[in-house]
Structure formats: C-alpha cells, structure tokens
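Visitor: Structure below; questions to follow.
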Amino acid sequence: MILKVKNISQIGGIVKAPPSKSYSHRAVILASLAEGTSRLYDMLYSEDTLASIRVCEALGAKIKKTGEYLEVVGTGGKLHNSSDGPIDLANSGTTLRLMTSAAALSDNEVILTGDDSLKTRPMGLLMDALMPLGVEARSLNDNEKAPILIKPGYSGGETNIMGNVSSQFISSILISSPLSDHGVTLYVLPEFKSRPYVDMTLDIMRKFGVDTQKAHYLKHDDCDKDEQNCRIDEFKVIKQNYEACDYTVEGDYSSASYLLALIAINGGKARIKNLFRNSKQGDKFILDILEQMGASIVRREDYVDIESDGHLKAIDVNLSNAPDLLITVAVLGAMAEGTTNITGVAHARVKETDRIDTTCRELEKLGCKLTERQDGMSITGGVNSGVVDSHADHRLAMAFSLIGLKHDIKITNGEVFDVSFPNFIEAMEELGFELELENE
C-alpha cells in the first residue's frame, strides 16, 4: 500500500508516545522466564512484540491480554517447546536474537525462523559466542542465518563477543545467563556499540529480581596507546531465578522521534507525554540532536515539550549508541540548511535492511545531494517531491513521511509501520498531520 499525506492542519498539540518496543520485548520474555504471575502494563502490541509473545507461549508461558495489562504466568525457567515445527517470528530480528539463547533452556529442540527478510539477518557471531557456554545452535541452511536449530542444554561459564555488530547479541546472552547451570561471565570486546540497549537489558533484569555485576578492565596485550580502544566490558551473572512482578513499560523515544521531528520540521509547539527524563533508552539522544538543529526542548519528569520555528540547521552527529535514529536524522538533515554529517552507524547495515544504503538510495530519488560512507553519510539539505519505497522497513516509512510536510511524497509498502508503531497514523493526526494508506 502507498502511504501519503492526506491533510495538514494546525501542527501541534499533546500526544502520548507509544510504549517502548525494546522494553516490551524484554518484559514479556523475562516475565515468561520468571516464577509466578506478572502483570505488564502499557505493553506495545505491534507485529514485532507479538512475535515475542508467540514464541514465549510456544515455550510454555501462559499469556493472556486483559483490558488493563498483559498477564504472564511464567515458566520458572523450565521451558518446553510445544510447537509441531519451526516457530515463525515473522520479521522480528529482536525476537530472533533475544530468544536464540533462551531457547537453549528448553528441554527439547527449538527451531526459530521467520520471513524472507529475517532470514537475511546474520546470527553467526551469537551462535559462536554461545558455543563455549554449552549451547548448540546452528543454521539449518549452513549460512549463519535463520532457520536456527537450538538444542537443549546451557551449562554456562565464560565467553566473549565483539561489541560492534549488535547489542542484541549481548542482551541475548545476558537475559538467559542466570538460568544456565553455572552462571555466565561475558566479555564484550572493543568496540562496544549501542551500549544503552544493554543498559536497558540490565535495568529490566534487575526489575525482575536478577542481580548483575558489571566491571571494566584494560586488556594489556596488543593494546595501542588509546586506552579506550583497549577497554573490555565484563558482565558477570551468577545462577539465580527471575521473579514475577508488575511492570509498566515506558514510552519509546525511537517512535517519539517522528512526533518530535514533525514539530521540528514544520514549526509549532507540542507536548509528548510518557517520555521519562531518567530513561536508559539511548534514543533519547534525539532531544539533544533537535536542540542542536535549532528546536527548543524542555525535559520534564515524564513528558517533553518541543517548540520550533521550522528552520533547522545542519549538524555533525555520531549515532553509534542510537542507530535506530539514523533514518529520522537523515530526513532532518535533508530538510535542514547546510550539510549534516552522520557517523558511527556501520552496524545499521545489518538491521531490517542495510539502512545506510536504503536511506541514501531513497533520498537520491528525491534529488538530495549526499555522500554515502561505510559508517554513515553526509547530506546536504534540499529535497523534491517524488515516490520512494520503504524496503519493508518500518523506520524508513515513518521517517520519510515527514518530507510530506513540505513536498508531495508517496511511500510504497508504506503500511509497515505496524512493526513498531501500530497507531502511527492516529498519533500523527493528533498533532495535525493526517496520513492515509491507499492501494497501489
């Protein structure tokens, strides 16, 4: 379907940010691993998080949606695969990565698979890191990608993993580690990207009763003069159990970036509720970015006020700890005065798509002048009307819709925002930006 602008009225107002997708995934997985009954409030029910719910149910958790919360009766870490065949995770890379480690806690084999896009996501680094922990996981197609077969058994011990590919690999091992036979010591080798996502994982693990230890030390052999490049992060999780709890999912800064960018590009005032000042989400960096580009931001305990005159200036920004902001910032740069330089996001090439490549190719269709680099891009402000394709990437569809504030734009395969922000159209409409889907 084609996503396009229906109408633009007075831009501004008050809207609630959707629940965090990252925290929703983690909450349902930890509640499913816990002993007892958890109540999860303000859960996000998107295509991706529904994939996590399905696999947790298949592995033994009893999950029921009520009017106020999601009730999860946990397994106490004793998983059993009741599925007759491979468990379909659709397009949820987060679910695949987080559950590959946890699936080893099942007393029988588990096969995790998904759609054609998910089957392109590299998994070899995680499977290699799990091997020293007694976990046997292998690609059925011998290409280090889904479908992944995970056999029962998780002894624990020590392992290491590179930190510059996906923080979800690190989170996957950490989430499953307290339920291993002997606990886990995990060394994350330089360079550690997207660190805030791991901080989020540790935060919610503690909420579900697990004690984690974190330390830093320097590797002295083969160490250059830059000590930062020699630092290894050490995580130690002893054998213990998750405890059920009542948990409220906070608002999602990644999804809120589109609401905030709407005001920044067009001009106006808005209040975005359910965004917490003390959030551990790395994507709250969007507030700093918008301030640097010229918007006025006021941070409160549980909401953000933004005001803009619609005139944005280019910036230089490193997104190594917030790669999900890449496409939003690229669109902001395309609508700003000057040349915006984005660096530090080589790991964005292994997301739903190669987000550096697809973003550059679609901006070029709109006449944007840019230079693509291995770890980012330089974008000179200025775009025209046109038609772009989402490449089935929810973040591209949502971010590129913002160009419709000032130019005619149509986005094919534009319905994919359901992956992370099911009420995207309704939330944007509350701020005066009306979008619609029509058949191609």
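The values are calculated or read from the model by the stated rules, or taken from the named source; none is laboratory data. Keep in mind it's a predicted model, so treat the numbers as computed, not measured. Virtual Cβ from ideal backbone geometry, glycine too; neighbours counted across all protein chains shown. Just so you know, the surface numbers come from the protein's heavy atoms only, side chains and all, with ligands and any DNA or RNA stripped out. Shrake-Rupley method; radii C 1.70, N 1.55, O 1.52, S 1.80 Å.
Visitor: In segment 119-196, carbon and sulfur make up what percent of the accessible area (probe 1.4 Å)?
Guide: Here carbon and sulfur together make up 46 percent of the probe-accessible area.
Visitor: Would you work out what percent of the accessible area of segment 1-83, with all protein chains in place, is carbon or sulfur (probe 1.4 Å)?
Guide: Numbers: 1570 of 3310 Å².
Here it works out to 47 percent.
Visitor: Right, something else. Can you work out the accessible area per residue across segment 283-364, with the rest of the protein chains kept in place, probe 1.4 Å, in square angstrom?
Guide: Values: 2740 Å² over 82 residues.
Per-residue accessible area for segment 283-364 comes out at 33 Å².
Visitor: Per residue, how much accessible area does segment 388-434 show when a 1.4 Å probe rolls over the protein heavy atoms, in square angstrom? Intermediate values should be presented prior to the final figure.
Guide: Working: 1330 Å² over 47 residues.
Averaged over the residues of segment 388-434, the accessible area is 28 Å².
Visitor: Here is a further query. Using a Förster radius of 30 Å, what is the FRET efficiency between GLN374 and GLU440 based on their Cβ-Cβ separation? Nearest 0.05, please.
Guide: Details: r = 34 Å, r/R0 = 1.13.
E between GLN374 and GLU440, to the nearest 0.05, is 0.35.
Visitor: In cubic angstrom, how much convex hull volume per residue do the alpha carbon atoms of segment 267-390 span?
Guide: Details: hull volume 13.3 nm³, N = 124.
Convex hull volume per residue, Cα atoms: 107 Å³.
Visitor: Determine the percent antiparallel among the DSSP beta bridges restricted to the chain, to the nearest 5. Intermediate values should be presented prior to the final figure.
Guide: Working: 55 of 81 bridges.
Looking only at bridges with both residues in the chain, the antiparallel portion is about 70 percent.
Visitor: Calculate the FRET efficiency for LEU140 and ILE238 from the Cβ-Cβ distance with a Förster distance of 35 Å, rounded to the nearest 0.05. Display every interim value, and only then the final one.
Guide: Numbers: r = 33 Å, r/R0 = 0.95.
Calculated value: 0.55.
Visitor: I've got another one for you. Of ASN143, LEU319, GLY404, which is farthest towards the positive pole of the chain's charge dipole, taken about the Cα centre with +1 and -1 on the beta-carbons of Lys, Arg and Asp, Glu respectively?
Guide: Highest projection toward the positive end goes to LEU319.
Visitor: On to the next question. What distance in nm separates the simple spin-label points at ASP128 and ASP199, each placed 7 Å from Cα in the Cβ direction?
Guide: 2.9
Visitor: Rounded, prolate or oblate: which fits segment 1-102, taking a ≥ b ≥ c as square roots of the Cα gyration tensor eigenvalues, rounded meaning a/c under 1.5, else prolate when a/b beats b/c?
Guide: On the way: a/c = 2.88, a/b = 1.76, b/c = 1.64.
In terms of gyration-tensor shape, prolate.
Visitor: Please report the orientation-averaged projected area of segment 243-339, defined via the convex hull of its C-alpha atoms, in nm².
Guide: Seen from a random direction, the Cα hull of segment 243-339 projects 6.6 nm² on average.
Visitor: Ignoring ligands, DNA and RNA, what percent of the accessible area of segment 238-344 is carbon or sulfur (1.4 Å)? Don't skip to the end; give the middle numbers.
Guide: Details: 1560 of 3830 Å².
Carbon and sulfur together cover 41 percent of it.
Visitor: Limiting things to C-alpha atoms, what are the Rg and the maximum Cα-Cα separation (Dmax) for the chain, in angstroms?
Guide: 21.4, 62
Visitor: Would you work out the Kirkwood radius for segment 114-184? I mean one over the mean of 1/r across all pairs of different Cα atoms, in Å. Walk me through the numbers before you get to the answer.
Guide: Numbers: mean 1/r = 0.0796 Å⁻¹.
Roughly 12.6 Å, rounded to one decimal.
Visitor: Still on this model: Just how much of GLU291 is accessible, in Å², when a 1.4 Å probe is used and the result is rounded to the nearest 10?
Guide: GLU291 has an accessible surface of roughly 70 Å² with all protein chains in place.
Visitor: Here is a further query. So if I take the centroid of the Cα atoms in segment 125-162 and the same for segment 3-54, what is the distance between those two points in Å?
Guide: For segment 125-162 versus segment 3-54, the Cα centre distance is 29 Å.
Visitor: May I pose another question? What is the calculated FRET efficiency for ASN278 to TYR45, with r their C-beta to C-beta distance and R₀ = 25 Å, to the nearest 0.05? All intermediate terms of the calculation are to be shown ahead of the outcome.
Guide: Values: r = 25 Å, r/R0 = 1.02.
My answer for the efficiency is 0.50.
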